[in-house]
Amino acid sequence: MPEDTTAPTGGQGSTIPAIPPRTHERPRPDGDGEPTATDADRAPSGDRATHADRAPSGDRATHADRAPSGDQATDADRAPGGHRAPGGHRAPGGDRVPGGEAPAPAGTAGGYLRVLGIPEYRAVFLAHSLSLLGVVVSEIALSVLVYDLTGSPLLSALTSAVGFLPYLLGGTLFAGVADRFPARRVLVVCDLLCAACVAVMALPGTPIGLLLALRCALAVVSPVFQGTRMATLADVLGDGDLFVLGRSLLRIVSQSALLVGYGCGGLLLTVLSPRHALLITVATFLASALLLRLGTRRRPARAGRGTPADGPLTGARRVLADRRTRLLLLLFWAPPLFCVVPEALAAPYADRIGAGSTGLGLLMCALPVGTIAGELFAGARLRPATRERVALPLLCFMLLPYLGFALAPGLGWTLCLLVLSGAGNAYTLGLDQWFVAAVPEELRGRAMTLNTAGLMTVQGVGMALAGVAAQFAGVPATVAGAGLLGTLVCVLLALSARRGAAPGGALRKNERPKCETGLTTM
């Protein structure tokens, strides 16, 4: 299913505080019979605390604070801020994450390699790639199929449009599913449901109304699947830098699919009928389900068996009840609302500047190219603390290139503006760690599901509003206006994040706010 468009501990001098060590965690069976750490036993990384790993109050860690593993932390294991680097986390089954004995420095290309070196993550990564391939093929094939059956451009476009708004329905009504049931079961069932829906689409004689209804069903299931998968990444990789890089890789795959997937899908339809192409989607969903079933561990539900079942909207209300979480969600949602404006208006703008169909294709590719380049650079070259420091500045500046559209630039300058804006999406690497640290573990699946639903919904709303505005103001003025308004919104959100309590989590004991910023300090 397509990925949404979602840094660890702050180092010396970071404007965002270090992530608090997780306390009061309930012991959770890990499925392999190993002892689990209790509240007093759990050190920030799960290994033995040393003299440098002092509690927030400044007291030395005592023998009671040490984890059962008894492994001593070394200087090489520490992140720039003095906390243990993610390489020291243990992988499922008690094995040290590859690279844990001699971890690559944070913020190097070795980080991505370490993530791919974890077998359970590889299963999630391959399953994501397969299901994404299936979605791309199904979207193209379904649009062509509806147009062949009806001859209506409106219905063909509606087939794509109905893939946005049902995300809101699925993300709010079924958010609790992500935490109420074991994650692996949720992921496998979602893939099987999607395979069943597409199989019915491929049947000869399926009416148009049913095709559109099944397309909506896929969009309802998708946020539950994506939210559960994102929460599972925290179980597989921990909630440190490996989680940030693992999620970044999934986003890079999604953006790459926008570059090559639709072209390959178009070529596929030259040799296969749309219904036969849909059978490829069925196969990819089934393969994804098999990979997730055999390649990931069974973990208990996060909400716990004794927790009362959520009502239809209870899960969303519990996530949104926390002010910090609401602010982080807005930081994720605000930029995409405005970023999609050039994409929505690419065809009329290409016609205005005489770029032709080739120029249109380049305009559609520019933002994904910038996004991939920005994420790869930030993930491979920047240290975790640096990614945190640049997150809010990137958020404030990423939409400013859109102001250049007021001059109605030619194709070359337009592509430069779009690539530059797309690179600003690297702010999400800093935001990812704050989000996973701010949300309690038992609500993590619901929060990720709601985030996914919001991302897809605001993009659909942004495209619709762009079309309305361009009808009256023209394309260049609409894109430039989106850049101006979007920048103002992002600046206000960034100021709110700096003025209020830290996005990374609740105030820790014995912490006081900095007078000059309002953020917390030790």
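A compact table of results
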| item | result |
| --- | --- |
| Any hit, the range 288-300, residues being of a type in the set (Ser, Thr, Tyr) and at pLDDT 90 or above | yes |
| Answer from ALA380, ALA423 - the residue that is buried (at least 19 other Cβ atoms within 10 Å of the Cβ) and either under 26 Å from ASP241 (Cα atoms) or not polar (S, T, N, Q) (or both) | ALA423 |
| Lone qualifier among ASP191, ASP148, ASP95 - being in contact with a Phe, Trp or Tyr (Cβ under 6 Å, 6 or more places away or on another chain), acidic (Asp, Glu) and either at pLDDT 70 or above or open to solvent by 10 Å² or more (accessible area, probe 1.4 Å) (or both) | ASP191 |
| Out of THR457, THR449, THR487, sole residue that is part of a helix (DSSP H, G or I), β-branched (Val, Ile, Thr), modelled with pLDDT of 95 or more and touching a helix residue (DSSP H, G or I) at 6+ places or on another chain (Cβ under 8 Å) | THR487 |
| Exclusive hit being among the β-branched types (Val, Ile, Thr), open to solvent by less than 40 Å² (accessible area, probe 1.4 Å) and modelled with pLDDT of 80 or more, set VAL224, VAL177, VAL162 | VAL224 |
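Yes or no, residue by residue, for (1) aliphatic (A, V, I, L, M); (2) more than 26 Å from LEU168 (Cβ to Cβ); (3) open to solvent by less than 20 Å² (accessible area, probe 1.4 Å); (4) assigned to a helix (DSSP H, G or I):
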site	(1), (2), (3), (4)
GLY445	no, no, yes, yes
LEU465	yes, no, no, yes
GLY481	no, no, no, yes
VAL491	yes, yes, no, yes
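The values are calculated or read from the model by the stated rules, or taken from the named source; none is laboratory data. None of these values were measured; they are calculated from a predicted model. Reconstructed Cβ throughout: ideal geometry from the backbone, glycine too, with neighbour counts over all protein chains shown. To get the accessible areas, we keep the full protein, side chains included, count just its heavy atoms, and leave off ligands, DNA and RNA. Shrake-Rupley method; radii C 1.70, N 1.55, O 1.52, S 1.80 Å.
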